[in-house]
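Taken together, the values in this text are just the output of simple stated rules run on the coordinates, not laboratory data. Small disclaimer: the values here were computed from a predicted structure and weren't measured. FYI the Cβ positions are ideal-geometry reconstructions off the backbone, even for glycines, and counts take in every protein chain you see.
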Amino acid sequence: MGNFLIVLFSGLFLFSCAKQDGSRGIASDSIATELAVLSDGDFSIVEIQPNDGSAPADSGGQNFQEKYSLLTDLKWSNGVISWYYNPQGQPIIYTTTQLVDILKAAAQKWSAVCGVTFQYMGPTSSVPNFTGRNGVSAVGWENISYSGYAQFWTYNNAIVETDIKLDPDIQSVHLSRIVTHEFGHSLGIGHNDLNTQLMFATVYATELQSEDVAACQAKYGPPKSSTPTVLVCTAGATQTCAVSNGAGRKTCSSDGMSWGVCQATSCNSGYTLQNGTCRRDKRTR
């Protein structure tokens, strides 16, 4: 599997913990701080630590760089990520429903290949906030220097919250791949050094690749569903897809980086297959 590089912030800084989360055993505001630990391009990690000088139970004396340089074992403890969507500032060319569907589809790509579940909880007024956690994992919009940016908070080596910001100027053709990439970071997956992988720092691939899948399965195991709905795009591979008034198949490109257009292979009653599409039969009187 390709390696990825993590670099320390030029200056580590402290700020107050935004909200107590007793269900996860996280310390209250008065006795906990958030320490910005590591950043790598379009994602960063924040560790929640007690203010009383004690370290989280699993620190094992490791310094920050040792603990997080490979993101080893860093994951959601139950493999379930509950997230909300804030439509404020979203691109005007989409409806909220369309964007939520795009986000759900991107999340499902990960659920189809490894043991994670993304639960969409509905809309929220909570804005993705990188200066302090608030107990809500939100996806939203802001003019930023990246097409997308993810940050997550950890406690005792478990991810407990994540926020994702998307730039409203992102081109439509890139939106799905960027969202899938950022959801990958929210799972605790860093950058891969192969430009053919979707988790490469600059996103070229449009679908999850073999090492993306391997990275997720190393943390969360195989998919919970026995019948994944998303296949890894490898050169020449095909998978079924839906077309208007029939069924079809699509083929992965020769470079293994994107799926082609869905071509009809069979049509419903009353329709005839013509040049990869299903056309209504002409009615005779």
Over 19 Å between alpha carbons, listed pairs K104/K250; K75/K109; K104/K165: K104/K250
Under 5 Å, built H, 5+ apart or other chain: amide partners of I159: K75, W76, S77
Theoretical FRET efficiency, 1/(1+(r/R0)^6), r = Cβ-Cβ of A242 and A218, R0 30 Å, to 0.05: 0.40
Computed over region 128-210: relative contact order in percent, which uses C-alpha pairs under 8 Å that are six or more apart: 23
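Where does each of H181, H191 land when they are ranked from fewest to most other beta-carbon atoms within 10 angstrom?
H191, H181
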³J(HN,Hα), Karplus 6.51/-1.76/1.60, whole Hz, each residue of region 199-205, x for Gly, Pro: 8, 5, 4, 9, 7, 9, 5
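I need to check one value: relative contact order of region 79-171, counting alpha carbon pairs closer than 8 Å and at least 6 residues apart, in percent.
Once normalised by length, the contact order is 32 percent.
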Residues with amide H under 5 Å from that of T124, placed H, sequence gap 5 or more: Y85, N86
Inter-label distance, nm, simple model (7 Å from Cα along the C-beta direction), D101/F130: 3.1
Formal net charge of residues neighbouring S147 (Cβ-Cβ distance under 14 Å; K, R +1; D, E -1): -3
